[in-house]
Amino acid sequence: MTRRTWYTVMNALVVAWLIAAGVIVVVHRFVPAGAWLMIHLLLLGAISTAILVWSQHFADTLTRRPPPGGRPWHAARLAAHTLGAALVVAGMTAGQSLLVLIGGALVALNALAHGATLALQTRGALPARFAPLVRYYVAAAWVFVLGAALGVLLTQLDLDDRQWASFVLAHLAVNLLGWIGLTVLGTVVLLWPTVVHTRVTPGTDAAARRALPILVLTTLVAGSGALTGILPLAAVGVLGYLAGAGMLVVEWARQARSAPPSSYASLSIGAAVGWLLACAAALGTIVALTPEPSDALRSVQWLIAPFTIGFAAQVLLGAMSHLLPVVLGGGPASGRIAANELDRGALYRVLTTNAGIVVYLLPVPSLVKVVVSLVVFGVLVSFLVLAVRALAAARRLRTAPAAASAPPASTGMPRSAAKTGEAPQIVAFQRTGREADAVARNSITGSSGVGSPGAGTPVARTRSGAVVAAIGTLALAVIAGIALDPASAGLGVIDTAEVTPTGKTTTVEVSMKNMRFNPGEIEVPAGDRLVIVLTNDDDTIHDLVLENGVDSGRVQVGDTVTVDVGIIGQDLDAWCSVAGHRQMGMVMTVIAVGADARGVSVGDGSSGDGSSSGDSDSPDHQAGHGSSGEPGARNGNEESAAADVDLRAEPGDDFDPYDARLVPTPAATTHRVTLRATDALREVAPGVTQRLWTFNGTAPGPVLRGKVGDAFEITLINDGTIGHSVDFHAGQLAPNRAFQTIDPGEELTFTFTAERAGIWLYHCATDPMSLHIANGMFGAVIIDPPGLVPVDREYLLVQSEFYLGPQNDIADPTRIASQHPDLVAFNGYAAQYRHAPLAAKTAERVRVWVLDAGPNRPSSFHVIGAQFDTVFVEGDYLLRNGGSTGVGGAQALALMSAQGGFVEMTFAEAGEYPFVTHIVSDAEKGAAGLFRVTR
């Protein structure tokens with residue numbers, strides 16, 4: 001394999017990871033663990049693969065000797081990392097901790113092997129000025145072993161909130177400052193003077209030698225402080241890291257003064273190093289000022305974008321823009337034309353990316369963030385397009401007949417490289433006089449040099465054009481975001497024609513906690529502009545929507561946003577639009593003090609262009625980014641689907657009855673179950689469809705079954721649109737830990753041991769609990785009583801209620817509060833077993849487990865034409881095989897909400913036996929079905 005082919009194949013792995021990350025950026029709202037995937041496909045995938053490729057390349061160059069094992073061993077390490085990273089991604093996506101363990105172990109062992117290979121390569125190498133830089137790669141690889149181990153432990157250990165936050169902070173510190181940070185800093189020592197075309201300053205190599213032990217030690221101190229929860233120690237580590245990095249930055253600044261950066265590679269690398277230092281400084285400040293790891297972790301969330309995009313992604317693309325032409329081979333002309341392609345629009349791309357990150361970090365409306373982030377994403381993705389163009393252009397030049405006879409152009413490459421067609425080793429050199437000016441000019445314009453079309457373009461004009469274009473692009477993005485949701489920017493929502501503005505602003509701080517706004521009433525002088533500083537002090541996501549159309553967008557836990565309500569001319573109602581929160585009392589009133597009795601017209605709650613900013617069908621809601629209400633949230637004027645109920649109608653062609661048959665109890669003593677909270681459109685009666693919140697896509701959720709003493713390892717993954725939780729009545733655990741609410745994209749793992757027999761309810765316990773249960777979030781756990789005798793047939797029926805919202809929408813919280821259901825059903829579909837009767841045969845013994853999931857109504861299970869000779873309820877037998885007389889019987893199994901049991905019977909003759917709840921009005925609403933008994 002030629003050198004060019006080798007690097008093309010190796011870098012194709014990097015590109016593949018980048019493409020995967022790009023796809024997830026677009027669809028992350030619709031895939032499990034989307035936020036985690038966006039970060040790790042970039043960092044664990046693309047960045048880490050690039051480090052394995054290019055650190056070996058630089059080690060070969062600096063030590064002037066091949067590595068132990070040569071290319072086959074290098075290829076094996078890359079394959080091992082790719083497989084390990086893919087297993088980690090698959091495990092996190094599928095909720096399989098074993099895959100994460102295997103993949104993470106493979107990644108860690110491969111990092112250990114990579115570091116050992118580089119260390120062995122340096123032994124016996126000929127003395128070289130910059131050979132000690134390889135030690136940066138060795139140290140980074142071995143630090144990565146610790147970082148990968150921390151990541152794996154996060155998925156394997158049962159950690160409380162404080163321990164979890166400590167592990168995550170340590171994982172971040174060790175991997176970002178160590179694995180990526182050390183690699184980048186060691187590489188830039190030599191790469192920086194190369195890309196700016198200047199000589200290495202005399203003190204650079206000495207600074208690099210002195211900085212390395214400081215950087216390694218302080219990375220470990222920062223990680224240790226975070227891991228142990230001693231955050232001041234972590235702050236000391238980060239501060240020391242900045243000091244070590246500063247020693248190198250001083251030398252790079254000197255080099256930049258003599259040759260200012262102008263190419264895409266130099267501008268990107270310079271900006272990336274700046275983001276690294278800024279993010280490290282912010283991280284150190286946060287851990288120094290925050291006493292608790294959980295609070296610190298929440299506070300560092302805003303650093304994710306600048307760390308991953310500003311630093312990691314930018315340094316990767318900048319370095320590859322320089323290195324790809326170097327390793328492509330084919331002679332100086334081929335390398336030059338590839339470099340020119342990769343350098344197109346350099347200043348514009350760098351300015352748009354970095355200014356876009358700054359805008360994203362500002363307190364701008366949610367949709368502005370979305371549009372700006374898409375612009376930045378598009379600019380970064382342009383690298384892939386330019387890389388394809390570069391490869392194609394270089395190939396065309398290599399294969400052109402005239403290429404062989406064309407005189408070599410001056411590129412600063414050694415003559416030997418031009419003769420052999422191989423790319424040179426990385427050499428720092430200096431261009432002087434007119435040649436240096438030409439390089440700077442060509443880097444900005446994307447020209448190829450002497451005689452190129454752009455060679456005469458003035459540099460200042462090109463720079464100013466790029467600056468104007470970048471500013472214009474971001475300005476348009478901001479305007480587009482505001483146009484999509486003008487209310488979020490306080491525009492076009494209040495008609496002030498009948499109120500005289502005072503020119504004053506009233507600013508009020510409002511806290512959201514315990515399903516309440518505090519204060520719940522705000523008095524504002526009529527004519528004043530009202531600005532609300534809104535803080536979410538609760539443990540779940542909230543928002544603030546006012547009747548004039550202004551909304552805050554989603555406010556994450558611990559976040560603070562500023563809401564400009566506009567000029568106040570009359571009283572306004574306000575509420576939280578997250579499903580069910582308003583019904584639980586999360587409302588607020590704005591009182592216009594001094595307004596006349598007529599009040600002031602505030603329009604119809606629409607924005608100036610006629611689009612309702614508070615409507616659930618607005619683009620903000622559809623995009624799923626920071627929307628102010630729940631997808632599918634409605635105003636109070638839409639009709640309930642109760643008007644469409646006709647239980648005598650036939651189900652549609654796609655009717656698929658819930659399988660009520662129970663499988664035998666598994667022999668295993670440990671049961672690992674993944675529950676995914678998802679939204680799903682489901683028909684709940686003929687012609688009636690609701691948007692249910694489900695566990696694993698069905699209501700009821702999956703049935704869990706075991707024996708007394710069995711362990712159940714539960715992993716809850718929230719793929720829904722709001723916070724959810726799961727409360728297992730079969731376990732005895734502290735609910736504030738195991739049953740806590742997690743936000744979309746998060747997951748939670750806990751274990752309980754089944755210590756008592758019975759049929760137990762599990763359900764979402766997130767407020768308002770009645771809404772979450774009524775909207776489908778419930779299921780059954782069956783723990784067999786000791787000595788349970790096998791029967792011929794065994795069924796499960798879970799009774800629940802529907803309080804219908806509009807078609808294709810969620811349940812109506814007001815109807816739930818009335819406790820008058822529209823439908824009552826067994827296993828999630830009203831009267832479904834009339835259309836798909838349960839089978840039995842005469843003389844067979846049939847056991848029916850029944851659970852009342854509620855949320856409100858009791859049940860009285862009865863089979864018309866049959867009698868029960870065995871009744872088991874809430875953990876014990878009320879009647880067993882006819883009781884003490886041997887001829888005792890029962891006619892109904894009475895259950896309150898969240899109670900359960902089973903009955904056993906035999907059918908004397910063939911025929912159809914209706915089963916119902918003998919709370920007859922509920923049976924008439926759908927809690928009914930049939931046994932079809934044959935001989």
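Points to keep in mind about this one:
- Cα-based reach from Lys369 at 28 Å (exclusive), listing lysines while leaving out same-chain residues under 8 positions away: Lys513
- Separation of alpha-carbon centers, the stretch 910-935 and the stretch 503-560, rounded to whole Å: 52 Å
- Charge tally around Val249: other residues with Cβ under 14 Å, Lys/Arg +1 each, Asp/Glu -1 each, net +2.
- Against the main long axis of the alpha-carbon atoms of the chain, helix 346-361 sits at an angle near 40°.
- The trypsin sites (Lys or Arg not before Pro) of the stretch 500-534 meeting both criteria, a DSSP state outside H, G, I, E and B (loop) and at most 13 other C-beta atoms within 10 angstrom of the site's C-beta, are Lys504.
- Centre-to-centre separation between the Cα atoms of the stretch 92-171 and those of the stretch 307-321: 20 Å.
- Sorted by Cβ neighbour density within 10 Å, fewest at the top, the residues His835, His322: His835, His322
- Cross-link reach is defined here as a Cα-Cα straight distance under 20 Å, omitting same-chain residues fewer than 8 places apart; for Lys707 the aspartates and glutamates meeting it are Asp727, Glu755, Asp784, Asp792, Glu794, Glu874, Asp876, Glu904.
- Each DSSP beta bridge with both residues in the chain is either parallel or antiparallel, and the antiparallel ones are about 65%.
- Anisotropy class of the stretch 837-935 from Cα gyration tensor, a/c 1.5 cut: oblate
- Cα convex hull, the chain: 202 Å³ per residue, rounded to a whole number.
- Longest segment of the chain lacking chymotrypsin sites (Phe, Trp or Tyr not before Pro) that sit in a DSSP loop with at most 14 other Cβ atoms within 10 Å: 1-428
- Highest average packing first - 921-930, 281-290, Cβ atoms within 10 Å: 921-930, 281-290
- For the stretch 654-660, backbone phi angles converted through the Karplus equation (6.51, -1.76, 1.60; θ = phi - 60°) give residue-by-residue couplings of 8, 4, 10, x, 5, 6, 7 Hz, Gly and Pro being listed as x.
- By the count of other C-beta atoms within 10 Å, a proxy for reagent exposure, Thr2, Thr228 are ordered fewest to most as Thr2, Thr228.
- Using only side-chain charges placed at the Cβ, +1 for Lys and Arg and -1 for Asp and Glu, the dipole size of the chain relative to its Cα centre rounds to 6580 debye.
- Cα gyration tensor shape of the stretch 682-763, rounded if a/c is under 1.5, else prolate or oblate by comparing a/b with b/c: oblate
- Note on Thr218, Thr698: ascending count of other Cβ atoms within 10 Å places them as Thr698, Thr218, the fewest first.
- Applied to the stretch 37-49, the Karplus parametrisation 6.51 cos²θ - 1.76 cosθ + 1.60 on θ = phi - 60° returns per-residue 3J(HN,Hα) values of 4, 4, 6, 7, 5, 6, 7, 6, x, 5, 5, 5, 5 Hz, with x for Gly and Pro.
- Alpha-carbon centroid distance for the pair the stretch 740-808 / the stretch 569-592, whole angstrom: 33 Å
- Evaluating 6.51 cos²θ - 1.76 cosθ + 1.60 at θ = phi - 60° for every residue in the stretch 673-683, the Karplus couplings come out as 10, 10, 10, 9, 7, 9, 8, 8, 7, 9, 6 Hz, glycine and proline recorded as x.
- Considering helices alone, the calculated mean residue ellipticity of the chain at 222 nm is -13500 deg cm²/dmol, with DSSP H runs of length four and up weighted by -39500 (n - 2.57) and normalised per residue.
Every number here is computed from the coordinates shown, using simple stated rules; none is lab data. Just so it is clear, the model here is predicted, and its values are computed rather than measured. A quick note on method: Cβ atoms are made from the backbone with ideal geometry, for glycine too, and the neighbour counts reach across all protein chains shown.
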